[in-house]
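The values are calculated or read from the model by the stated rules, or taken from the named source; none is laboratory data. Being a predicted model, the structure only gives us computed values, none of them experimental. A quick note on method: Cβ atoms are made from the backbone with ideal geometry, for glycine too, and the neighbour counts reach across all protein chains shown. Accessible surface is based on the protein model in full, side chains and every heavy atom, while ligands, DNA and RNA are left aside. Shrake-Rupley method; radii C 1.70, N 1.55, O 1.52, S 1.80 Å.
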Amino acid sequence: MSIHTDRVAKKVTLTTIRKMKGREPITMITAYDSLFAKLFNESVDMILVGDSLNMSFLGRDDTLSANMEQMIYHTKAVCNGADLPLIVLDMPFGSYINENEALKNATRAYRETNAQAVKIEGGKSRANIVKALTSNSIAVLGHIGLMPQFLRSDGGYKIRGKTQEDIDTLIEDAKALEEAGAFAIVVEGVKEEAGKAITEAVNIPTIGIGAGKYTDGQVLVWSDAFGFFEDFKPKFVKQYCNGAELIRNALSQYVDEVKNRKFPTKEFTY
Ligand code: KIV
């Protein structure tokens with residue numbers, strides 16, 4: 001029996017995720033509310049309450065203005081809807097500028113929500129922050145490669161791992177996070193060979209997003225995967241349905257029926 005089938009009846013833990021490395025691909029999707037979290041509850045291994053909610057939920061241009069209040073509010077909602085996947089709260093920009101701030105904010109995330117882990121963007125240069133959290137019993141999911149919180153300082157979203165030198169830097173980042181106690185690492189926006197090299201270099205699972213097929217798992221932002229976010233579609237996004245079109249068609253039918261007094265009929269009337 002696969003670890004996945006096994007876990008449908010059980011809560012996914014850090015141990016489950018660690019054991020999946022090299023054995024069974026890990027599935028992770030983002031969610032921001034209890035309605036969708038409930039839909040995802042029995043199917044995915046992990047739910048990320050990503051700071052991408054600042055873009056797809058709040059409508060801002062980037063993730064940088066997300067804050068702890070928002071992340072806690074949405075993580076509470078997700079935890080209300082899903083009790084089986086491992087739930088991760090994404091630490092927003094500015095919430096882990098030093099070890100004390102990181103510890104204060106991550107402790108708050110643990111106290112006020114049922115998230116089992118927090119996510120932090122950054123490699124070697126953030127290993128001290130990861131260590132400060134893991135040595136205080138807070139589980140950390142790392143995040144390397146293209147890091148949306150570095151958008152302004154990097155001058156744009158840049159695909160990583162195009163040269164051997166950069167692949168080596170990414171491997172150093174991944175190893176530093178493993179050493180600091182991260183239980184897994186999100187690897188975003190890297191060439192496939194970089195995703196493979198990073199995955200082979202560490203003993204903890206890698207979860208790719210735009211990192212090719214060799215990582216230990218995959219994550220997608222739900223509104224991208226189901227075709228609700230229409231502002232742009234990165235190359236790595238596969239749309240599993242056209243949610244926006246489904247809603248537009250259903251809404252236009254509703255509006256049409258109300259305008260033409262076809263709804264409500266007797267069936268929908270007390
Ligand atoms: O915020 C987010 O949704 C993320 C994913 C892109 C991994 O960090």
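Worth pointing out:
- Coil-residue GluC sites (Glu not before Pro) of region 192-235, DSSP, other Cβ within 10 Å capped at 16: GLU230
- For region 121-223: rounded, prolate or oblate by the Cα gyration tensor [a/c cutoff 1.5]: rounded
- Cα gyration tensor of the chain - equivalent ellipsoid semi-axes, whole Å, descending: 34, 21, 19
- Residue-averaged [θ]222 nm for the chain, counting only DSSP H segments that reach four residues, each worth -39500 (n - 2.57): -11500 deg cm²/dmol
- Per residue accessible area in Å² of the chain, where ligands, DNA and RNA are left out and the probe is 1.4 Å: 52
- Environment charge at TYR96 (Cβ cut-off 13 Å; Lys +1, Arg +1, Asp -1, Glu -1): 0
- Percent accessible area from carbon and sulfur atoms, region 59-200, protein chains only, probe 1.4 Å: 46
- Cα-Cα over 22 Å, subset of LYS196/LYS233; LYS175/LYS233; LYS162/LYS213; LYS131/LYS213; LYS38/LYS76; LYS38/LYS233: LYS196/LYS233; LYS175/LYS233; LYS131/LYS213; LYS38/LYS233
- Of PHE183, PHE229, the residue with the largest accessible area leads and the full order is PHE229, PHE183 (1.4 Å probe).
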